[in-house]
Amino acid sequence: MAEKEPVKSKPRPIIRLGLFLMSHSLLVSVVCCTAGILALLLLPVLAKNTYISENALMPGSASPMLSSDDVSEASRFVDKILSLDSSSASLGIEIPRLIKQHITALGGEVNYHEFRSQLNTFRPLQFFASPDPGIIQENSSCMSYGLNTVGIIRAPRGDGKEAIVIVTPYNSRKVTAGEALSLGIGYSVFSLLTRVTWLAKDIIWLASDSQYGEYAGVAAWLREYHTPFFGGLGKLHSEICCEPSGFSEFETDAILETGISDTFRHAGTMAAALVIKVADSSSEFEKDALSIYAEASNGQMPNLDLVNIVNYLAVHGQNLRVKVEKIQSFLHSWWLRGLGGLFESLGKLARSLNPQWSFGISIAEYVEGSATLASSLYNQALGVPTGPHGAFRDYQVDAITMEFSRQLSPGYRNRQTEFLMRGGRLVEGVVRSVNNLLEKFHQSFFLYLLTSPNRFVSVGVYMIAFALLVAPLPMVAASLFSDASKLGSMNEQSTSGPFSKPALKFRSWKWLHAARTVLIVQFWGAFMTLLPYFYCHIPNSSPMTRLLIWIVLLIISLLLLWLNLGSIFSHGNNTQSQRTQWAYLKSVTIAAAFTGLCLMSVINFATAEIGALLLVPMCLMTVPMKLKGWTLRTSMQVACNLVLTFLGFPPVAFVVLKGALKGFDSISIGEFWTWMEALWEWNSATYVYICMVHLPCWVLCILTLLHPC
């Protein structure tokens, strides 16, 4: 009796689904990419109203205590600062001395903090490490210095373990009216907090010297706060500076005259920080305005509750117009208005079907939300802080910058007093809310995009757009790998003889040649990442010159790698083998792009989102130009590939994007290198992404286009 053939078991549903998606990878790619772009455009519509998650904050639950006497004293303090001779050589110590006198009169502790100017130097992969405490010693100069003034209030109801920081940056060499007003707001709040009995956290007022940039003074103080240097200003100066300096003698005499210790003073762990600035230009609105800047390095954001309480107290408590940064060109975009009209119509249709459906917003709200969302996405992707508050996020301290804009009117004196009252009471309310916290900010979101001061998109919503964009990559890579394996198997079976069966065992390893090529290009990308370290100190070189050097070294290094380690064109002689080669190469390239984008989404989502918009279409559509005969369809496909590859080159993509946002009149290719230098000087992970993910994938797409199949 003949034996029965074994019954073949059906594959599991998940395997059948995977096979179905692989067999329809083209359709899946079109659907997913279209849905991803649509989801990105829908983000302003899907934004939710902000809300305060931490009940202990209780903003506005207590009446403001800042009195007219405090404001009058602060106004006189501002007048004293503005009356100082700005041309005097001693202005750099006169303002700190004036601040010290007022802090001492209030009963607060005070000390000076000296820091040195420094040049940003290239430190590869610095964003993976903690801030470097030795950077001052490496780049210090005895002829360049800054002097911060620090006042501390010890909380009567606290144990000294927590503190709130108020920062007021000013240029000690040429103080402006706006900087003087910010110092006045800081002084009025500090004056009030020396008398209150409800304070449970120490208060630190940092009058930061911003003559070398607003970020430099704050960052230098934070470095010493967390990695203290013992011995005072004199010892610090003697160990750093070997040559004599007129400043050292002058400052030492000034400190001795004040009768205070130059020992660096500490308070508790920082719970939050507020940077107070006043714009020198007037507000474009009919009332005082407040701009909120929250973006820190590498897309880091403060807890959303901190932004929420500032917005709530500014609008409902002080009647300020709150705004966040927008991309102005988007406000006049005709296609955004068209999309806004479409979504508004869909919202009306949805509400007519079911009144409980709250889909859709007005055209004006959509355009403003898109402009704000694009600005938030760009600033996070850039990885460069939008203000001095970024220095605090490097130490995991929630911080924002609040920039006030005055409404100028004929009654300037009355307006100054009213302005100081509004600003001081707002800062007082925020300090009081943070003072109520028993632990660090943790309830609300840390990953979000703002579409307005009171609307946001959470990580669970905006990740959908990114997931849809990158979803086709693994399916297309698997489909190409499967097709190439089948084609290679058929080719070997048609050419194999009776004694060549053992060679069939190794057909599945042919993808290793493509993997080797991808690995070579990835190592080249790592080399290009570290290359600026060797030529960033070329004297008297323009950004355009450094860009040309970078491009020339880029091409030479790639050619050397190609010649020494083997070309993609050197493996295989027959047409069938070459066809499997390009499929394997594209498969491994797509897998590398998918891995790089997913890793970048963990470090900085905004960079990954913008990178996916550029990289995914280029990787999916790239095919060899010699794959088929020249028909109308293939000609259009080749033209599309060339356009996407041209736009995918980083300098071209930068010029096109910046031109689309701000116009092409004042754009030069050299600005790209200035932008790149800013990225690596600020240790932005976006620079590493460009050199180690985007640029290698672009080169691999070029290799695929030029493949001689």
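In this structure, K348 does not qualify as open to solvent by 20 Å² or more (accessible area, probe 1.4 Å), farther than 16 Å from V397 by Cα and assigned to a loop (DSSP other than H, G, I, E, B).
On inspection, I37 qualifies as out of contact with any Gly (no Cβ under 9 Å at 6 or more places or on another chain), modelled with pLDDT of 90 or more and not charged (D, E, K, R). The number of residues in the stretch 631-654 that are assigned to a helix (DSSP H, G or I) and open to solvent by 30 Å² or more (accessible area, probe 1.4 Å) comes to 12. Selection of the stretch 290-310 for residues being outside any loop (DSSP other than H, G, I, E, B) and small (G, A, S) yields S291, S297, G299. Looking at T386, T401, T451, T417, just one residue is in contact with a helix residue (DSSP H, G or I) (Cβ under 6 Å, 6 or more places away or on another chain), part of a strand (DSSP E or B) and either open to solvent by 10 Å² or more (accessible area, probe 1.4 Å) or in contact (Cβ under 8 Å) with a residue 40 or more places away in the chain (or both), and that residue is T451.
Matching residues to (1) hydroxyl-bearing (S, T, Y); (2) modelled with pLDDT of 85 or more; (3) over 32 Å from the mean Cα position of the chain (by Cα):
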| site | (1), (2), (3) |
| --- | --- |
| S90 | yes, no, yes |
| I93 | no, no, yes |
| P96 | no, yes, yes |
| G107 | no, yes, yes |
| E114 | no, yes, no |
| L119 | no, no, no |
| Q126 | no, no, no |
| A129 | no, no, no |
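Test S567 against the criterion of being modelled with pLDDT of 90 or more and either open to solvent by 10 Å² or more (accessible area, probe 1.4 Å) or among the acidic types (D, E) (or both), and give yes or no. Answer is no for this residue. If you check every pair at least six apart or on different chains, which have Cβ atoms under 8 Å apart with a residue in the stretch 154-166 that is touching a residue at least 12 places away in the same chain (Cβ under 8 Å) first and a residue that is of a type in the set (V, I, T) and loosely packed, with under 13 Cβ neighbours inside 10 Å second? If the second residue must be of a type in the set (V, I, T) and loosely packed, with under 13 Cβ neighbours inside 10 Å, the pairs left are P156/T197; R157/T197.
Restricting attention to the stretch 592-609, the residues being buried (at least 20 other Cβ atoms within 10 Å of the Cβ) and either out of contact with any Cys (no Cβ under 9 Å at 6 or more places or on another chain) or among the small types (G, A, S) (or both) number 11. Checking A74, A62, A56, A47 one by one, the residue that is over 30 Å from R337 (Cα atoms), touching a residue at least 12 places away in the same chain (Cβ under 8 Å) and touching a Ser or Thr at 6+ places or on another chain (Cβ under 7 Å) is A74 and no other. Might you check whether a residue that is in a loop (DSSP other than H, G, I, E, B), modelled with pLDDT of 90 or more and open to solvent by 20 Å² or more (accessible area, probe 1.4 Å) occurs anywhere in the stretch 428-436? Among the residues of the stretch 428-436, at least one is in a loop (DSSP other than H, G, I, E, B), modelled with pLDDT of 90 or more and open to solvent by 20 Å² or more (accessible area, probe 1.4 Å), which makes the answer yes. Checking each residue in the stretch 311-344 for being in a helix (DSSP H, G or I) and open to solvent by 70 Å² or more (accessible area, probe 1.4 Å) picks out Y312, H316, Q328, H332, W334, W335, R337, L342. Which residues, counting only those in the stretch 11-60, are among the charged types (D, E, K, R) and open to solvent by 40 Å² or more (accessible area, probe 1.4 Å)? Listed by number, the residues that qualify are R12, R16, K48.
The values are calculated or read from the model by the stated rules, or taken from the named source; none is laboratory data. Every value quoted in this text rests on a predicted model; they were computed, and no experiment measured them. Cβ atoms come from the backbone with ideal geometry, glycine included; neighbour counts cover every protein chain shown. Accessible surface areas use protein heavy atoms only, side chains included; no ligands, DNA or RNA. Shrake-Rupley method; radii C 1.70, N 1.55, O 1.52, S 1.80 Å.
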